[in-house]
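Asks: Quick one: the structure is below, questions incoming.
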Amino acid sequence: SGPTSRLGTGRQHLRAVAAQGDARSLLAASMLWSGFAGMEDSASSLRAKPAQETRAWFDAARRARPRDVLVAWIEASDCVGLSDSCDPRGALQFLRHAEPQNAAVQLLALAEADRRGDRKAADGYWRAAASASVYDPHTLEISRLLHATMAGVDQPPLDPRLAQAMGVWFGLNRSATAQDFADVGLVGMAAAWAMPGLSPVANECKAENVASASLDRQAECERVLELLAEDESTLIAPMIGLAKLVELSGASEEGKARREQLRQLYWTYENMLERMPGISPGGPLPAEYGTWFLTEGELSAMRKALAHYGLPLQAPAGWLPRTPRYRALISTGREAAGAK
């Protein structure tokens, strides 16, 4: 019932998954094998070279035809330690043809153009992002794939002392279950691999840059930020999107509506933050939280947890966040001087 025997069971399962031979099975097996290596020995996750199985399976997933969008997304993000023979630019080119309306793909291309100093190409990718219809960094799809892949693994119960220790370590405010052990590992893996690169948006839409730029640039920024605000698979995209939209729209009517959206988002976030470390009076983290997070997205999981604690899903009238930056943004549409 210890972690080592559990990892052995997981590895046996992953070999069977990889043997199915399709791109998604190979991708999941590769990512999870790499993740298990990191859980078994934290130093191993810092190795320069990926494990033999990880590399072999991911390279097979890359070669599979027709190409798979999720495999290409990971490859375009430099393969994140799954292989040392990637072609990120080729994968990005494929994604731009496969998903031209996905702003996340265009922003990935923009970051790559910036790295090689091609400002003309970067401007083109920025305009493509602004005319896209969706922002999808594939976070939820990858989380669901990892979750579904591990759903078939028999999880023997944890030793009671280990369960108690892991409950404290995970901040659950209760003893951990075998499912928690699996879910916490998967949440960490999904976050590490599917984290969308949002720095291009932050750079392009700095308030001082937009103020001195053309009206087109303000409209482009607002469009990209609106797409971010609609993506609820992670908390970070709507948090950045709405906060910047509030800054750009100030005291206008539209700005008022955006400030209310940000207030509601912060109500969910701040209430969950108080309950995450395991010291809350609101009771233990729900046993299903990891599954909700992986299969429905971070914001949906947070809202379900609030309902579990008996808290309202909507912020009461007049409620403001404690964080000075967000309190000022929601109250006035501007950041407080010196607030972070």
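Asks: What shape does the stretch 93-148 have by the C-alpha gyration tensor, where a ≥ b ≥ c are the square roots of the eigenvalues, rounded means a/c under 1.5, and otherwise prolate means a/b greater than b/c and oblate the rest?
Replies: Values: a/c = 2.81, a/b = 1.94, b/c = 1.45.
It is prolate, given that a/c is not under 1.5 and a/b is the larger ratio.
Asks: Let me ask you something else. Got a number for the accessible area of Lys304? Probe 1.4 Å, square angstrom, nearest 10.
Replies: Near enough 80 Å² of accessible area.
Asks: Here is a further query. So how much accessible area does Trp319 have, in Å² to the nearest 10, using a 1.4 Å probe?
Replies: 50 Å²
Asks: Springs between alpha-carbon pairs under 10 angstrom, Gaussian network model over the chain: which of Gln20, Gln218, Gln106 fluctuates most?
Replies: Maximum among the listed residues: Gln20.
Asks: Could you compute the FRET efficiency for Glu226 and Glu141, with r as their C-beta to C-beta distance and R0 at 30 Å, rounded to 0.05? Write out the running numbers ahead of the final one.
Replies: Numbers: r = 22 Å, r/R0 = 0.72.
Calculated value: 0.90.
Asks: Same structure, new question: At 1.4 Å probe size, put His138, His13 in order of accessible surface, largest to smallest.
Replies: Listed by decreasing accessible area, they come as His13, His138.
Asks: Taking Rg and Dmax of the Cα atoms in Å as the quantity of interest, determine which of [x] 20.0, 65; [y] 21.5, 63; [z] 22.0, 71 was computed from the displayed structure.
Replies: Here the calculated entry is [y].
Asks: Next question, about the same structure. Run the helix sum for the chain: -39,500 (n - 2.57) per DSSP H stretch of 4+ residues, divided by residue count, reported at 222 nm to the nearest 500 deg cm²/dmol.
Replies: That calculation yields -20500 deg cm²/dmol at 222 nm.
Asks: In a shell of Cβ-Cβ distance under 13 Å around Asp87, excluding Asp87 itself, what net charge do Lys and Arg (+1) and Asp and Glu (-1) give?
Replies: -1
Asks: Using a 1.4 angstrom probe on the protein heavy atoms only, line up Arg144, Arg63, Arg325, Arg303 by accessible area, largest first.
Replies: Result of the area sort, largest leading: Arg63, Arg144, Arg303, Arg325.
Asks: Can you work out the Karplus-derived ³J(HN,Hα) for every residue in the stretch 298-307? Use 6.51 cos²θ - 1.76 cosθ + 1.60 with θ = phi - 60°, whole Hz, and x for glycine or proline.
Replies: Once rounded to whole Hz, the list reads 5, 5, 4, 4, 5, 5, 5, 5, 4, 4.
Asks: A further question follows. To the nearest 10 square angstrom, what accessible area does Met189 show with a 1.4 Å probe?
Replies: 20 Å²
The values are calculated or read from the model by the stated rules, or taken from the named source; none is laboratory data. Bear in mind the structure is a predicted one, so any value in this text is a computation, not a measurement. Here Cβ is always computed from backbone atoms with ideal geometry, including for glycine, and neighbour counts include all displayed protein chains. Each accessible area value is taken on the protein alone, full model and side chains, heavy atoms only, with ligands, DNA and RNA left out. Shrake-Rupley method; radii C 1.70, N 1.55, O 1.52, S 1.80 Å.
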